[in-house]
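These notes are about the structure you will find just below.
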Amino acid sequence: MEIFNNLILGFSVALSLQNLLYCFIGVFVGTAIGVLPGVGPLVTIAVLLPITFNLAPIPALIMLAGIYYGAQYGGSTTSILMNLPGETSSVVTCIDGYQMARQGRAGPALAIAAVGSFAAGCVGTLLIVLFGPPIAEMALKFGAPEYFSLMLMALVAAACLAHGDMVKSLAMVVVGLMLGIVGTDVNSGMARYSFGISELTDGIGFTVVAVGLFAVSEIVKNLETAEQQHVFTKNIKDIMPTRKDLKDSTWPIVRGTAIGAFFGALPGTGPAISSFSTYMVEKKISKHPEKFGTGAIEGVAGPEAANNAAAQTAFIPTLTLGIPGSATMALMLGALTIQGIAPGPQVMTQKPDLFWGLIASMWIGNLMLVVLNLPLVGMWVQLLKIPYRWLFPSIIMFSAIGNYSINNSPMDLYLVAGMGILGYVLMKLECEPAPLILGFVLGPLMEENLRRALLISRGDPSVFFTRPISLAFMIASVVILIIMIMPAFRKKKEEAYEEGGDY
Amino acid sequence: MKVDLRSNKDFLAGLLLIGIGVLGFYMALDYPFGSTLRMGPGYFPRVLAGILIAFGIFTLVRGIVTAEKVKGVWGWKPLTLITASLVAFGWIMDRFGFIPALVAMFFLATLGGHEFKWKEFVILTVVMSLSAIGIFIYGLGMPYQLIQGF
């Protein structure tokens, strides 16, 4: 049984003292930061990425993954207790979770969120174990035309399905691809878009773009308007959900897991759209739809399971194909690259300890989260008393030191500042930065595969349409585009994102 | 409702996209285009820049038609000060060392916030700088001089 051997390898790696420690640090830091409103997983990973440069690849990735799903999880706590979503994917949890808290049922709401997330996380991990190897095996047979078409499909899907306007998102992908060109062309040795700056001939650093676009612009946006002080005192008494709560939540958790697992594995979609869709589904099939919005436990259980399942299955395309489906996954992929590991299907066969260790650590990390989150909920809530005016200079500090330390060059910080300005302007004009970073990550690969594909076919672009797998990806891209142009679907997507209000 | 073009969201977005596209295309004219069989270094950039300009024109025209305003206010003050704090950190780090760079960074960054209180600035800078020295210099062993020349 190869699966068992793989899992044994994985657990033997993940259970080493050092890796357990980094997993714990990641989960702990992630939860702490997920609890804080206005600092999401994306910003956290972007800021801490340069620091993991100094770690070995396995602990670095285990820690980053821990931060990622820890933050996903931590977001639910503030949503339930204070009606403050830490990030988009926990917006819907606010609707019924906060109502439950107002009725004195914060404990059961938190417990169900934790149980639902854990169950979904386990299933998500299992899906990676089952589907990872066959997908990677298939991908090993891909040639340049298949890879190019696959990347094209991923980028089109990411732009069309992500939050925001489709045309502008597609344009952001193109801007990202162009930023990816900056540097020396591998084939001709020519410096492109380097503006005569010698540092730019090595290309723009990945962390530079990530921190500038996500951390700096987010901070500036938060500082536009006056700081809100959140005053709250909530006692959490009975944590234990009743038998009825558990019974009511079982099926929503199952459905949420299924929906989340599906959207998580697709490029462009992720935790946010999973939790919104699950909420809509639960409301639609419920016998008491009028209870939604007034503290229905189904409205907490389903979406929480969904966003955690999606957080896990998002690793499938990232680890097996080397194609990230979301901005956060692009950051994980960037972390791999920084560690000198070329992402793609060969990671599983060439670095089995890294691949399986990471997956085993996710399961352990999810277990840690249940243990951490429930008893320590009081402590997490204390974190919310930290005012933002202390928080943001500290984030800037980590960004500055981290980016400086990669090349010991001030130029990287000037570029972070520039990217921050670009990111902020794009944000104000409602151009989503997430498709941009996907384009940036995939840009060089896409150009290389396009060049190779056209060499093989002697300059005949029909090669993308005559090879069956490539054709399938091309058709999928076109279908996604057409569907999203149709007004009915576009409305559905907007509904899905706006269900939770105007966040 | 009439919206000034200077605060017309999509009009501005379109202008920005066209700007990036034109700049990208113009610069790529220096790189050999090659042919579809043998793509030169100028092939991919020029194709992308062309697509970007097309998206830009579409967005710009739609902006004129829909005339939607940019939401909220522009935070020019925090944008200037936050980016300045990053630039200052890099510039000072190379010339005067870790501690002066941190102090300048915290000064400019906190100035970008809503209220600036000297006492809070001093406490925050001291506490965070000490933790940074602990984490980065001693913990991760980064080879930086605390103050240049000392």
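The values are calculated or read from the model by the stated rules, or taken from the named source; none is laboratory data. A quick note: this is a predicted structure, and the numbers were derived from the prediction, not measured. Note: ideal-geometry Cβ built from the backbone for every residue, glycine included; neighbour counts use all protein chains shown.
Figure legend. Inter-residue proximity from the stretch A:454-477: first residues away from chain B (no Cβ under 11 Å) and closer than 25 Å to B:Gly40 by Cβ, second residues exposed (fewer than 14 other Cβ atoms within 10 Å of the Cβ) and of a type in the set (Lys, Arg), beta-carbon distance below 7 Å, spacing 6+ or different chains. No pairs are indicated.
Could we say that A:Ile58 is within 14 Å of chain B (Cβ to nearest Cβ), touching a Leu at 6+ places or on another chain (Cβ under 9 Å) and in contact (Cβ under 8 Å) with a residue 40 or more places away in the chain here? Here the answer is no, as A:Ile58 does not meet what is asked.
The number of residues in the stretch A:110-128 that are over 16 Å from A:Val371 (Cα atoms) and either free of Cβ contacts under 8 Å to residues at least 24 places away in the same chain or over 19 Å from the mean Cα position of the chain (by Cα) (or both) comes to 1.
If we keep just the residues of the stretch B:16-67 that are charged (D, E, K, R) and outside any loop (DSSP other than H, G, I, E, B), which is farthest from the other protein chains (Cβ to nearest Cβ)? Here the residue is B:Arg46.
Matching residues to (1) modelled with pLDDT under 85; (2) out of contact with any Gly (no Cβ under 6 Å at 6 or more places or on another chain); (3) more than 30 Å from A:Arg458 (Cα to Cα):
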{"position": "B:Gly19", "(1), (2), (3)": "no, yes, yes"}
{"position": "B:Leu37", "(1), (2), (3)": "yes, no, no"}
{"position": "B:Ile57", "(1), (2), (3)": "no, yes, yes"}
{"position": "B:Val61", "(1), (2), (3)": "no, yes, yes"}
{"position": "B:Pro78", "(1), (2), (3)": "no, no, yes"}
{"position": "B:Thr83", "(1), (2), (3)": "no, no, yes"}
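The number of residues in the stretch B:103-122 that are at the interface with chain A (Cβ under 7 Å from one of its Cβ atoms) and surrounded by 16 or more Cβ atoms within 10 Å (Cβ to Cβ) comes to 6. The residue list A:Phe131, A:Phe142, A:Phe148 contains one member that is crowded, with 24+ Cβ neighbours inside 10 Å, over 23 Å from A:Gly30 (Cα atoms) and either touching a Ser or Thr at 6+ places or on another chain (Cβ under 6 Å) or not polar (S, T, N, Q) (or both), which is A:Phe148.
Residue check, B:Ile133 against (1) touching a residue at least 24 places away in the same chain (Cβ under 8 Å); (2) within 10 Å of chain A (Cβ to nearest Cβ), all met but one. Which one? All conditions pass for B:Ile133, except number (2). Evaluating B:Trp91 against the criteria (1) more than 26 Å from A:Leu223 (Cβ to Cβ); (2) surrounded by fewer than 18 Cβ atoms within 10 Å (Cβ to Cβ) leaves one unmet condition, (1).
Checking the stated criteria, A:Ala434 turns out to be surrounded by 24 or more Cβ atoms within 10 Å (Cβ to Cβ) and in contact with a His (Cβ under 9 Å, 6 or more places away or on another chain). Tell me the helices (runs of 4 or more DSSP H) entirely within the stretch A:143-224 that contain at least 1 residues that are in contact (Cβ under 8 Å) with a residue 60 or more places away in the chain and in contact with a strand residue (DSSP E or B) (Cβ under 7 Å, 6 or more places away or on another chain). Because the criterion is at least 1 residues that are in contact (Cβ under 8 Å) with a residue 60 or more places away in the chain and in contact with a strand residue (DSSP E or B) (Cβ under 7 Å, 6 or more places away or on another chain), the helices (runs of 4 or more DSSP H) in the stretch A:143-224 that meet it are A:166-181.
B:Thr83 passes every criterion in (1) of a type in the set (Ser, Thr, Tyr); (2) within 30 Å of B:Asn8 (Cβ to Cβ); (3) more than 7 Å from chain A (Cβ to nearest Cβ) apart from (3). What number of residues within the stretch A:275-315 satisfy the criterion of being in a helix (DSSP H, G or I), of a type in the set (A, V, I, L, M) and crowded, with 24+ Cβ neighbours inside 10 Å? Qualifying residue count, the stretch A:275-315: 7.
Restricting A:Asn407, A:Asn366, A:Asn373, A:Asn403 to those that are buried (at least 22 other Cβ atoms within 10 Å of the Cβ), polar (S, T, N, Q), touching a residue at least 60 places away in the same chain (Cβ under 8 Å) and over 22 Å from A:Gly70 (Cβ atoms) reduces the list to A:Asn403. Against the conditions (1) within 7 Å of chain A (Cβ to nearest Cβ); (2) within 25 Å of A:Asn403 (Cα to Cα), B:Lys77 satisfies every one except (1). Set side by side, the residues A:Ala120, A:Ala106, A:Ala111 differ, and just one is touching a Pro at 6+ places or on another chain (Cβ under 7 Å) and more than 14 Å from every other protein chain (Cβ to nearest Cβ), which is A:Ala111.
Where helices (runs of 4 or more DSSP H) fall wholly inside the stretch A:368-447, the ranges with 3 or more residues that are facing chain B (nearest Cβ under 8 Å) and within 20 Å of B:Thr110 (Cβ to Cβ) are A:388-407, A:410-428.
Does A:Gly365 qualify as being under 19 Å from A:Val35 (Cβ atoms) and modelled with pLDDT of 85 or more? The answer is yes for A:Gly365.
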